Every structure is written in C-alpha cells, then in structure tokens.
1. Just to verify a result, which residue in segment 73-85, among those that are outside any loop (DSSP other than H, G, I, E, B) and in contact with a strand residue (DSSP E or B) (Cβ under 9 Å, 6 or more places away or on another chain), is surrounded by the most Cβ atoms within 10 Å (Cβ to Cβ)?
2. Test of understanding: among 155, 95, 161, which residue is at pLDDT below 95 and under 27 Å from residue 248 (Cα atoms)?
3. Specify the residue that is nearest to the chain's Cα centre (by Cα); the eligible residues are those in segment 127-143 that are free of Cβ contacts under 8 Å to residues at least 40 places away in the same chain and under 27 Å from residue 75 (Cβ atoms).
4. Residues 146, 184: which one is at positive phi, touching a residue at least 60 places away in the same chain (Cβ under 8 Å) and surrounded by 15 or more Cβ atoms within 10 Å (Cβ to Cβ)?
5. Kindly indicate whether any position in segment 53-64 is in a strand (DSSP E or B) and touching a residue at least 12 places away in the same chain (Cβ under 8 Å).
6. Specify which of the listed residues (35, 29) is at pLDDT 95 or above, in a loop (DSSP other than H, G, I, E, B), away from ligand 1 (no atom under 16 Å from the Cβ) and surrounded by 14 or more Cβ atoms within 10 Å (Cβ to Cβ).
7. For residue 70, all conditions in the list (1) part of a loop (DSSP other than H, G, I, E, B); (2) in contact with a strand residue (DSSP E or B) (Cβ under 7 Å, 6 or more places away or on another chain); (3) more than 23 Å from residue 185 (Cβ to Cβ) hold save one; what is the number of the exception?
8. Working carefully through the options 43, 13, find the one that is within 16 Å of ligand 1 (Cβ to nearest atom), surrounded by 16 or more Cβ atoms within 10 Å (Cβ to Cβ) and at positive phi.
Ligand SMILES: [Fe+2]
Ligand SMILES: [Fe+2]
C-alpha cells in the first residue's frame, strides 16, 4: 500500500496569508510517516516572480519525496531556476520521480501567458517514452495542472485543458497508469478521464464554490464564487496492494 499527499494551488505571493496556509498544510504532511510522495499540482507562485519561488522552495522542503508541476500562474523560466536549479528556459517543464512504491510523471499543461491548458506534443511524446521505459514494474501516477474535462465549475471549465484526446491516446497505451492528479479548480473533485481516475486536489489558497449549472436558476452556493475563509485542505490517495484507489480529504485547521 502506498499513500500520496496531494495538494495544489498554493499561489504564493508577497503576502502572509498564502504563505501561512501553505505552511500549515505542509507542516501537517511533513509530520506524518509513511507518505510515499508529496504531489503539488501547480499554481505554486501567484505571479511567477523569483522571490515567490524562493518562498515556495523553502515551503516545499520535506522529509518526503516531492514532485511539482507548473500551473497557469507559474512562469517556466523562473520555475526552473527557482525550484529545479536549472538554467531559465521557456520549454515545457516535465519531470519524473521514482519512489519505492510508484513512478510519478509530472507534465507541463501551461501555455505561457494564457489561463487555459494544453500539453505540447513534445511533452506527450516524452510521457509515452517514460511510461514505456522507466521502472516498468511500478504503477504510475501522471500529474498536471489543468483537468482535461468539464467539472460543472464554469469559471474553470472555460480554462481547462483542451485538445485532450491526444493525451487520452497516449494513456490508452499504458495499463500501468493508476490515476491522473490535477489542480487548478480550487475545490476537491473526482471524476474520470480516458477510463482512469482523475483526482483534483482542493486549492490551498482558496475554495471555488459551485453553481452546478451555468446560468441555471439554482445560483451560486452562498458567498460564491470564491470562499477565502474555508480552511485549507488536501487529499491523501491510497493505492492498495490489490490496485484499488481510495481518496481521503483532510481539512487542516489552524
Ligand atoms: Fe490556482
Ligand atoms: Fe490554475
């Protein structure tokens, strides 16, 4: 059995609020044993500034193996330099991490300067290669920021990942993929894509409220569309030895 701590959308800026919420969640996770991996699915920096990535790097120091992916608020050159110690460059930021229990493949679904998502052909070819050749005996989790399906959250559905059939075609070639991990929506959600579980972590910085129906007569949940007061939360995904997946949502109170 493996356990994954999955959090998202910490949106670190120059204020105390985002930093305190992220620190609260990460210190909770860092105090746990038996976490196979920490996955942070994007929108790490709110503006993509170098000083924001310095804060993110400090926050993400962990006894657990940690993998991230960029979101639409991130900037590739600053992300590379600040988090990966690589020369600043504009190419997609794709990463792979192998733990004792699983392989984690992180794909860049960001489009520089745009809020919506798209996974470049070069990233999909790289994903295909990694899933074919790397630690082939381990289950794989594929992580990216933008969900590739509608979720009945119209303000996010408009800026989801598009041209998603290309991703589905790659995933169909690899039975080792256990689940897809996303963020971007700022509310915990589970659905499916390409026949796989698609698990969307809540937003640490804020919570999106639901209209359920675009322009419907049920309206927003009280206080919508964004709740800044709901406490931050995260998912724990458990992969059982029989291949079943269980997801637990945990709210982290002050
Ligand atoms: Fe976000
Ligand atoms: Fe986002």
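1. Here the answer is 79.
2. 155 is the lone residue from the list that is at pLDDT below 95 and under 27 Å from residue 248 (Cα atoms).
3. 142
4. Only one candidate passes the filter, namely 184.
5. no
6. On the way: 29 fails: in a loop (DSSP other than H, G, I, E, B).
Answer to the selection: 35.
7. That leaves (3) as the condition not met.
8. Going through 43, 13 in turn, just one is within 16 Å of ligand 1 (Cβ to nearest atom), surrounded by 16 or more Cβ atoms within 10 Å (Cβ to Cβ) and at positive phi: 43.
The values are calculated or read from the model by the stated rules, or taken from the named source; none is laboratory data. Keep in mind that this is a model prediction, so the values were computed, not measured. As a convention, Cβ positions derive from the backbone with ideal geometry for all residues, glycine included, and neighbour counts pool all protein chains shown.
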